[in-house]
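Colleague: To start, I am sharing the structure in question, which I have written as structure tokens.
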């Protein structure tokens with residue numbers, strides 16, 4: 001079964017969406033903004049605790065003054081310089097249950113899990129933009145004259161600040177930190193690993209936010225990228241601004257981050273994924289220049305992948 005290019009073509013596909021000429025300057029400016037923020041945070045005990053770990057709600061102030069929420073789970077009486085993992089969630093939901101994080105912390109790994117702004121968790125979205133905010137976060141800020149007001153710029157920078165907060169903790173060795181995410185979370189983990197070069201391990205599972213033009217050309221109007229089609233339908237039905245729109249989306253396209261990744265990488269793709277098509281994922285994977293491995297689930301789509309959680313856990317156990 002195949003919904004995309006043959007595997008032989010996927011292995012060499014390098015993407016079709018544009019990369020803005022000032023991409024590096026754009027993100028250097030963003031990193032400068034994060035660098036000016038405090039790594040201070042507030043901890044509040046959660047209503048679930050165990051004999052071996054401590055669970056907290058963690059709050060910090062992100063770019064734009066937004067109050068950002070994370071879940072933090074750490075081993076009790078943790079020795080200094082242990083490993084840490086940053087977890088990122090899928091589109092529209094939140095940082096998830098405590099259980100998987102408790103499993104990690106019970107084995108000596110400090111875990112922090114970010115709630116994306118304005119989605120299903122407790123993080124604030126303080127971004128004010130000009131233009132449409134009709135539906136979806138990909139297009140949030142696309143009509144604003146200032147590209148710094150793209151929604152995902154704020155979230156990508158939140159990932160960096162979250163990782164740096166984790167790295168600043170006494171229980172964590174800043175050189176033993178990994179990132180893990182599925183779908184939107186896979187995209188955020190990828191961006192984080194590119195923007196924070198100290199990240200040592202990246203596990204990205206069928207990542208979202210990649211190669212927007214390719215997905216558009218595939219006419220995937222029922223995919224996670226459907227908001228792009230809806231944007232054109234409502235605000236540019238004759239596509240007079242098509243090149244401008246896709247170029248601007250290039251600032252938040254993870255394939256444009258890939259070559260900056262230093263982390264050892266595990267990439268996971270479902271080969272009949274109609275939500276985040278395989279070619280959009282390969283566009284980012286093929287540009288990664290560090291040590292990497294891809295696992296293909298040939299008969300699987302954008303769904304639960306058997307044994308994946310165990311594979312990821314094993315990678316992080318040996319950070």
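Colleague: Wrap a convex hull around the Cα atoms of region 241-310, take a quarter of its surface area, and give that in square nanometres. Let's see the in-between values first.
Modeller: On the way: hull surface 22.6 nm².
The orientation-averaged projected area of the Cα hull of region 241-310 comes to 5.6 nm².
Colleague: Please give, to one decimal in nm, the separation of the simple spin-label points placed at residue 274 and residue 126, each 7 Å out from Cα toward the Cβ.
Modeller: 4.2
Colleague: Let me ask something else about it. For region 35-90, build the convex hull from the C-alpha positions and give me its volume per residue in Å³.
Modeller: On the way: hull volume 7.4 nm³, N = 56.
That works out to 131 Å³ per residue.
Colleague: If you don't mind, there's one more thing I want to ask. Report the residues of region 191-221 in range of a label on residue 303: point 7 Å along Cα→C-beta, backbone N strictly under 16 Å from it.
Modeller: 206
Colleague: Debye sum, Cα scatterers, region 71-127, no solvent: what log₁₀ I/I(0) at q = 0.21, 0.24, 0.31 1/Å?
Modeller: The computed values of log10 I(q)/I(0) come out as -0.75, -0.87, -1.19.
Colleague: Run lengths n ≥ 4 of DSSP H only: what is the helix-derived mean residue ellipticity at 222 nm for the chain, with -39500 (n - 2.57) per run over all residues, to the nearest 500? The partial results should precede the final answer.
Modeller: On the way: 10 runs with 96 residues, N = 319.
Per the formula, -8500 deg cm²/dmol.
Colleague: Highest mean first, what order results for 178-186, 147-155 on Cβ atoms within 10 Å?
Modeller: Working: 178-186: 26.8, 147-155: 22.1.
Highest mean packing first, the order is 178-186, 147-155.
Colleague: Considering just Cα atoms, how many Å³ per residue does the convex hull of region 37-160 enclose? Don't skip to the end; give the middle numbers.
Modeller: Values: hull volume 13.0 nm³, N = 124.
Hull volume normalised by residue count: 105 Å³.
Colleague: How long are the semi-axes of the equivalent ellipsoid of region 119-161, taking √(5λ) for every eigenvalue λ of the Cα gyration tensor, in whole Å from largest down?
Modeller: On the way: eigenvalues 62, 33, 13 Å².
Value: 18, 13, 8 Å, ordered largest first.
Colleague: Viscosity 1.306 mPa s, temperature 10 °C: Stokes-Einstein D of region 91-220 from its Kirkwood Cα radius, in µm² per second? Could you put the intermediate results ahead of the total?
Modeller: On the way: Rh = 16.0 Å.
The Stokes-Einstein estimate is 99 µm²/s.
Colleague: Across region 189-244, how large is the tail of the calculated P(r) beyond 16 Å, expressed as a percent of all Cα pairs? Walk me through the intermediate numbers first.
Modeller: On the way: 853 of 1540 pairs.
Of the Cα pairs, 55 percent sit more than 16 Å apart.
Colleague: Could you tell me the relative contact order of region 16-150? Use alpha-carbon pairs under 8 Å, at least six residues apart, and round to a whole percent. Could the numbers behind the result be given before it?
Modeller: Numbers: 220 pairs, mean separation 24.6, N = 135.
Reported as a whole number, the value is 18 percent.
Colleague: Arrange the following residues from fewest to most other Cβ atoms within 10 Å of their Cβ: 14, 169, 87. Intermediate results must be reported in sequence, preceding the final value.
Modeller: Details: 14 12, 169 19, 87 27.
Going from sparsest to densest Cβ surroundings: 14, 169, 87.
Colleague: Here's something else I'd like to know. If you wrap a convex hull around the Cα atoms of region 203-319, how much volume per residue is inside, in Å³?
Modeller: 102
Colleague: Subtracting the Cα-Cα distance from 0.36 nm times the residue separation, let me have the gained length for residue 217 to residue 32 in nm, one decimal.
Modeller: On the way: separation 185, 0.36 × 185 = 66.60 nm, distance 3.51 nm.
Gain in length upon complete extension: 63.1 nm.
Colleague: Work out, in µm²/s and without decimals, the Stokes-Einstein translational diffusion coefficient of region 144-249 at 25 °C, 0.890 mPa s, Rh from Kirkwood over C-alpha pairs. Could you put the intermediate results ahead of the total?
Modeller: Numbers: Rh = 15.6 Å.
Answer from the Stokes-Einstein relation: 158 µm²/s.
Colleague: When averaged across all projection directions, what area in nm² does the alpha-carbon convex hull of region 10-58 cover?
Modeller: Numbers: hull surface 32.0 nm².
Computed as one quarter of the Cα hull surface, the answer is 8.0 nm².
Colleague: Starting from 0.36 nm per residue, how many nanometres of slack lie between residue 233 and residue 7 once their C-alpha separation is accounted for?
Modeller: Numbers: separation 226, 0.36 × 226 = 81.36 nm, distance 3.25 nm.
Difference between extended and current length: 78.1 nm.
Colleague: Here's another thing I want to ask about it. State, to one decimal in nm, how far the label point of residue 51 lies from the label point of residue 173, with both points 7 Å from Cα in the Cβ direction.
Modeller: Here the modelled spin labels are 2.9 nm apart.
Colleague: Turning to a different aspect of this structure: Please list, in order, the residues from region 103-130 whose amide nitrogen is less than 19 Å from a point placed 7 Å along the Cα→Cβ vector of residue 241.
Modeller: Answer for this model: 128-130.
Colleague: Could you work out Rg/(2.2 N^0.38 Å) for the chain, with Rg from alpha carbons only?
Modeller: On the way: Rg = 18.8 Å, N = 319, 2.2 N^0.38 = 19.7 Å.
So the Cα radius of gyration is 0.96 times the expected 2.2 N^0.38 Å.
Colleague: For residue 14 and residue 293, FRET efficiency with R0 = 25 Å and r from the beta-carbon atoms, rounded to 0.05?
Modeller: Working: r = 19 Å, r/R0 = 0.76.
Taking R0 as 25 Å, the efficiency between residue 293 and residue 14 is 0.85.
Read-outs: derived from the displayed coordinates by stated rules, not from any lab. Please read these numbers as outputs of a predicted model, since none were measured by experiment. Glycine also receives a Cβ, built like all others from the backbone with ideal geometry; neighbour counts cover every protein chain displayed.
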